[in-house]
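Values quoted throughout were computed directly from the atomic coordinates according to the rules given, and no laboratory measurement underlies them. Model, not experiment: these values are computed from the prediction. Here the Cβ positions follow ideal geometry from the backbone for every residue, glycine too, while neighbour counts run over all protein chains shown.
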Amino acid sequence: MTTTPILKPASGEFSRRKCLLSLPLLAGPLLFSEQAAAGAQIEEPLIDSVRTALSSAVAKQAPPIPEFRDTESRLAYLRWLGAMSDRLRKKKPDWQTRKEFLQTVWYESKRAGLDLALVLGLIQVESNFRKFAVSPVGARGYMQVMPFWTRVIGDGDATKLFHMQTNLRFGCVILRHYLDREKGDLFMGLGRYNGSRGKAVYPDAVLGAKKQWEFG
């Protein structure tokens, strides 16, 4: 029997996640080489309840330290961390940097109810794991988040999108939002993230990259 690890959230974390997971949509980027090349991300109006939920979901918080109910859960996490670290070594040679990055990916993916391999595949396609990647249309960071999102659901400071946890949190929250809008349809949700809804190139690229990060 698999035991779910306990994340150590700040007060109100689970209510924010519950609100986030019940949401609906918006847009995103694209990268198939070393240079980020985001698609035409679309800024759409949000109803107040959605805007509030998304804003709460990206609210600033101290970096998390995973906690687990039992030794089995902790060992499962450590096995995943070790395997992903080996795969990521060429992109991030420094162990501490890899560990912090993967721990944050793990936390933000779990928090948003996303598949870890999907998030890593998307990061590979979007930025090739480059923290300071910038696309020709201005999308930023690991998950190529467009600056308008910081105005719509953040504090308006787009420079924070180069901060690792901020970028991963925005990216995961936005992807969760799109998937909810598409009722869990990965093809359509990924298309929305890229701003190319209904076209196969971007979803196929992310789902292909996802296979490289599957575990267990």
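What the table below lists for this structure:
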quantity	calculated
Per-selection metrics, region 118-216 (Cα): Rg and Dmax in Å	12.9, 40
Those aspartates and glutamates that a straight Cα-Cα span of less than 18 Å connects to Lys91, excepting residues fewer than 8 apart in one chain	Glu34, Glu100, Glu126, Glu214
Region 171-216 shape via C-alpha gyration tensor axes, a/c threshold 1.5	oblate
Estimated FRET transfer efficiency (Ser49, Lys211; beta-carbon r; R0 45 Å; 0.05)	0.80
In nm, spacing of pseudo-spin labels at Asp94 and Arg69 (7 Å Cα→C-beta vector)	3.7 nm
